[in-house]
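The values are calculated or read from the model by the stated rules, or taken from the named source; none is laboratory data. The structure displayed is predicted, hence computed values, not measured ones. Here Cβ is always computed from backbone atoms with ideal geometry, including for glycine, and neighbour counts include all displayed protein chains. When the accessible area is computed, the model is the full protein with side chains, heavy atoms only, and any ligands, DNA or RNA have been set aside. Shrake-Rupley method; radii C 1.70, N 1.55, O 1.52, S 1.80 Å.
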Amino acid sequence: MTKFLLISEDNEKEIAVKESFIGDEVFTCTDETMIFDILKVEEPDIVIVDGDTELLDLKHLCRKIKQFPVVILLVLGKKEHNKDVTHNVNLFIKTPIDKKLLIATVESSLRTRQSLLKMAKSNQELASSLYQLNVLYNTSSQLAGSLDKDKLIKIMIEGIEKSLNYELSCTLIFRTEREPVLIINSLYKISDRLLEALKLRAILSYKSLLSDPPFDIKIGNLKIEKNIKHNIKEYDFSILRYDNLFSPIMLNDEFFGFTEVYREKPFSTEDATVFQTLVRQVTIPLQSASFTQELKATNQKLQKLERLKSEFISIVSHELRTPLTAIKNAMDIILSGKAGDMTENIEKFVNMGKRNAIRLSGIVNDLLDISKIEAGKMDFKFELIHVEPVIESVKNNLSEVAKEKNLTIKYTPSKDDVEVYADSNRLEQVLTNLVSNAIKFTPDAGEIEITSRVVNARELQYDNCFEEDIKKLQGNYLQVCVEDHGIGIERKDLNHVFDKFAQIENSLSRKVGGSGLGLPIARQLMESHNGAIWCDSEINKGSRFYFVIPVANDKSNFSMIHKQLFQKARSNFTTLAVIKIKSTNDTIEKLMRENNLLNKTYMANSLIEKEGMMTTLTILLMEGDKPSAEFLKKKIDSVIEQNKELYGECDIMYSYEIEGEVHEKVQ
């Protein structure tokens, strides 16, 4: 049925219209207030305006009627109308009214109106779909950026609200296995009895979803979180009659909870699809968040166990040291003859005991070293040194041991005269371990070769299993190689050579024994020197162990270390201080020789630049800040002040940079 509103005071025109549309509904009115009441309440399809009416201002009337979704047909008679009237009219017909023409005109306009309404509806649905797609995209982006369970659920709820515009939502989640939470988001506040009903409904839904629920939820242990937008009115049981959508939040068989929304306006099929998509989107991030949470908890347990293990090893090692020292001293006294004469057999067994006590002492020292390194308590005394004297010292110390197996140790030094920042004692420890291993695993009457040379990081050759340790190196390094011609190591075992407590399985390795800590300690010591250690080998042909230390005063290497430490500081939310000390060459050299001033942490990452008679010492200090830089300045000033005879009157220029801010101080 079509509804007509006729605005006319002419009875003949009213009769003509009603006769033309028998079976349709025709309202006739000439009162402006009544006209707009009919437009609002009855919502007519066609408004027929008599152009000859005198009671109304047609210009004003047609402009206001045009605001409604109707077709305006103006019946033209004797009265003339200007553009202000005709501009707001859709159709025209002349008097006297031709009924056939009127019917044809109305039918045509109704078809056009129907098409326009359908198009408007399609445009509205398209706009709604585009908006929902945009919400889905934005929600997906937000979900991908978080591993916090509460935040993920909040993002999902907000996404559903934006796309569906609901009145009430209820979401059940588990913060922990024993902490169920019902999150209620509501447009208006909810009554107490509605709250109890929602809690009961949530518990029943939970039990119905799982055949064997892992946790028994009760009214008393269900925590409630309410988010109310407006308090101007209150929802009661009637909201449960609204249209609703429900979906469990789960991936495969893993259950995270469920969500349910209520809306007075019915949900469409597209609304249901959007709702299900948003719920599915949150499941994978929730699973990742669960894995991350479990991983963090496991890591915390492992860290605690590692700490306890290190503490245990440290305590046991210290406790073993005291009796071992007493045992060795007692055996030395016996062997010296001070305790009385010995038979040949007694001397043999005492020597055996002494050798094993020394071996056990070495294992205890290894355990102490590895526990110190892991706890970050290993003490270093970095200084500018040549590596040749260290290698010569190790060669001389182990020559007697090598002779017992009729082995020779050969050393070929580097042709380049370079210096490195290193702790000579720790460097000697690494070399001693490598050469000792070479002696252990080389058959009698063999040869062990030690070489050193300067190489660029780009020239280093190594097996792929060591790439992570070596690819970060840049600039020039001093490379030391210890090569033997022993039993060798299979390629598949190279990756485990530097693992703690690891020994490559073969008959000879079982024969020589050992703590399995020497090479892991060497690896840690090289990392502390900003270097690296690796090996290559061939079965029955021998092995080559390499380590590299940055060449002192190599700017490219220093820049690399600077970049790495700065990135580490940013990721740890700490700072990196770049401290510069400039003075005469003689003054800087004296400062570097001062005990407990620059020989420890400071010199590990430093650069010396000489320019004529002046030297600039640049020090990188992790977790450095203004107070630490100022403290170093005061410390240096104090040393100079207390030793006027050595330093005399010297000028020192200080500067420091904290995360890009430069502060200059001149003395």
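Scanning the range 626-655 for residues that are without any contact (Cβ under 8 Å) to a residue 12 or more places away in the chain, open to solvent by 30 Å² or more (accessible area, probe 1.4 Å) and not in a helix (DSSP H, G or I) turns up 643, 649. Here is the figure for the range 81-100: residues that are open to solvent by 90 Å² or more (accessible area, probe 1.4 Å) and under 15 Å from residue 19 (Cβ atoms) total 2. Is at least one residue of the range 436-443 over 14 Å from residue 486 (Cα atoms) and not aliphatic (A, V, I, L, M)? No: zero hits.
Within the range 81-123, restricting attention to residues that are in contact with a Ser or Thr (Cβ under 7 Å, 6 or more places away or on another chain) and assigned to a helix (DSSP H, G or I), which residue is nearest to residue 51 (Cα to Cα)?
Taking the range 81-123 first, the residues in contact with a Ser or Thr (Cβ under 7 Å, 6 or more places away or on another chain) are 90-91, 93, 99, 102-103, 110.
Next, from what is left, pick out any that are assigned to a helix (DSSP H, G or I): 99, 102-103, 110.
Working: 99: 17, 102: 15, 103: 18, 110: 21 Å.
Once the filter is applied, the top-ranked residue is 102.
Taking the residues in the range 362-399 that are within 26 Å of residue 499 (Cβ to Cβ) and not in a helix (DSSP H, G or I) as candidates, determine which candidate is modelled with the lowest pLDDT. Looking at the filtered set, the residue picked out is 376. Which is in a helix (DSSP H, G or I), open to solvent by less than 70 Å² (accessible area, probe 1.4 Å) and hydroxyl-bearing (Ser, Thr, Tyr), of 283, 273? Answer to the selection: 283. Here residue 169 meets each of (1) closer than 24 Å to residue 10 by Cβ; (2) in a strand (DSSP E or B) with one exception, condition (1). Against the definition (at pLDDT below 90, under 24 Å from residue 378 (Cα atoms), open to solvent by less than 10 Å² (accessible area, probe 1.4 Å) and in a helix (DSSP H, G or I)), how does residue 592 come out, yes or no? It is false that residue 592 is at pLDDT below 90, under 24 Å from residue 378 (Cα atoms), open to solvent by less than 10 Å² (accessible area, probe 1.4 Å) and in a helix (DSSP H, G or I).
The rows are residues; the columns are (1) over 19 Å from residue 283 (Cβ atoms); (2) surrounded by fewer than 13 Cβ atoms within 10 Å (Cβ to Cβ).
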residue: 170; (1), (2): no, no
residue: 178; (1), (2): yes, yes
residue: 201; (1), (2): yes, no
residue: 218; (1), (2): yes, yes
residue: 228; (1), (2): yes, no
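Across the range 524-542, which residue is surrounded by the most Cβ atoms within 10 Å (Cβ to Cβ) among those that are over 28 Å from the mean Cα position of the chain (by Cα) and in a helix (DSSP H, G or I)? Here the answer is 525.
Of the residues 252, 345, 299, 329, which is exposed (fewer than 12 other Cβ atoms within 10 Å of the Cβ) and on the phi > 0 side of the Ramachandran plot? Outline the logic, then answer.
On the way: 345 fails: on the phi > 0 side of the Ramachandran plot; 299 fails: on the phi > 0 side of the Ramachandran plot; 329 fails: on the phi > 0 side of the Ramachandran plot.
Of 252, 345, 299, 329, the one residue that is exposed (fewer than 12 other Cβ atoms within 10 Å of the Cβ) and on the phi > 0 side of the Ramachandran plot is 252.
Within the range 31-60, the set of residues being farther than 20 Å from residue 102 by Cβ and not aliphatic (A, V, I, L, M) comprises 31, 32, 33, 36, 37, 40, 42, 43, 54, 57, 59, 60. Only one of the numbered conditions (1) at pLDDT below 85; (2) surrounded by fewer than 18 Cβ atoms within 10 Å (Cβ to Cβ); (3) among the β-branched types (Val, Ile, Thr) is not met by residue 561, and that is (2). Consider the range 180-197 and keep the residues that are surrounded by fewer than 19 Cβ atoms within 10 Å (Cβ to Cβ) and not in a strand (DSSP E or B). The one that is farthest from the chain's Cα centre (by Cα) is 193. Can you find, within the range 348-374, the residue that is farthest from the chain's Cα centre (by Cα) among those that are open to solvent by 30 Å² or more (accessible area, probe 1.4 Å) and of a type in the set (Asp, Glu)? This residue is 366. Residues in the range 137-153: is at least one buried (at least 17 other Cβ atoms within 10 Å of the Cβ), within 23 Å of residue 263 (Cβ to Cβ) and touching a strand residue (DSSP E or B) at 6+ places or on another chain (Cβ under 7 Å)? Yes - at least one qualifying residue is present in the range 137-153. Close Cβ contacts (under 8 Å, 6 or more residues apart or on different chains) running from residues in the range 142-170 that are under 22 Å from residue 199 (Cα atoms) to residues that are aromatic (Phe, Trp, Tyr) and open to solvent by 50 Å² or more (accessible area, probe 1.4 Å) comprise 167/242; 168/242.
For the range 400-431, the tally of residues that are closer than 22 Å to residue 535 by Cβ, assigned to a helix (DSSP H, G or I) and under 41 Å from the mean Cα position of the chain (by Cα) stands at 6. Remark: pairs (first residue in the range 396-413, within 14 Å of residue 434 (Cβ to Cβ) and touching a residue at least 24 places away in the same chain (Cβ under 8 Å); second residue in a strand (DSSP E or B) and among the acidic types (Asp, Glu); Cβ separation under 6 Å; 6+ apart in sequence or on different chains) are absent.
Within the range 29-80, restricting attention to residues that are assigned to a strand (DSSP E or B) and open to solvent by 10 Å² or more (accessible area, probe 1.4 Å), the residue that is farthest from residue 15 (Cα to Cα) is 71.
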